[in-house]
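These notes are about the structure you will find just below.
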Amino acid sequence: MDNETPELAEVTPYDVAHFQTYAVLLMSEAMGLDWRKVARAILNIDAERQPERARRAWTSHLARARWLATSGYGQRQSDRLQ
């Protein structure tokens with residue numbers, strides 16, 4: 001798992017490989033789970049030992065998950081139809 005996700009305006013191979021991670025992050029946010037617990041369980045980063053890295057990775061992956069849910073997934077579907 002990278003510390004940060006790609007910042008491209010297109011779905012990347014990294015995104016495809018991490019769709020499940022993104023879905024779990026979105027569900028965890030909707031459930032109101034503590035980001036530190038999610039970082040440890042899903043991103044495999046201990047927020048107590050590496051708080052900056054954990055927060056950066058969680059923030060980056062959650063933002064990318066939101067982007068995919070609102071914009072990127074539509075692009076992915078469009079690409080499949082071509």
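Site pair Ala63 and Ala23 shows an inter-label distance of 2.5 nm when each label is modelled 7 Å from Cα along Cα→Cβ. Largest mean-square fluctuation among Arg40, Arg66, Arg49, in a Gaussian network model of the chain whose springs join Cα atoms under 10 Å apart, belongs to Arg49. Taking label points 7 Å from Cα along the Cα-to-Cβ direction, Arg55 and Ser71 give a separation of 2.5 nm. For the chain, the pair-distance distribution built from all alpha carbon pairs, in bins 10 Å wide starting at 0, is 19, 51, 24, 6, 1 percent.
Where a number appears in this text, it was derived from the coordinates with a stated rule and is not lab data. Note that the structure is a prediction, hence the values are computed from the model and not measured. Cβ sites come from the backbone with ideal geometry, for glycine too, and all protein chains shown count toward neighbours.
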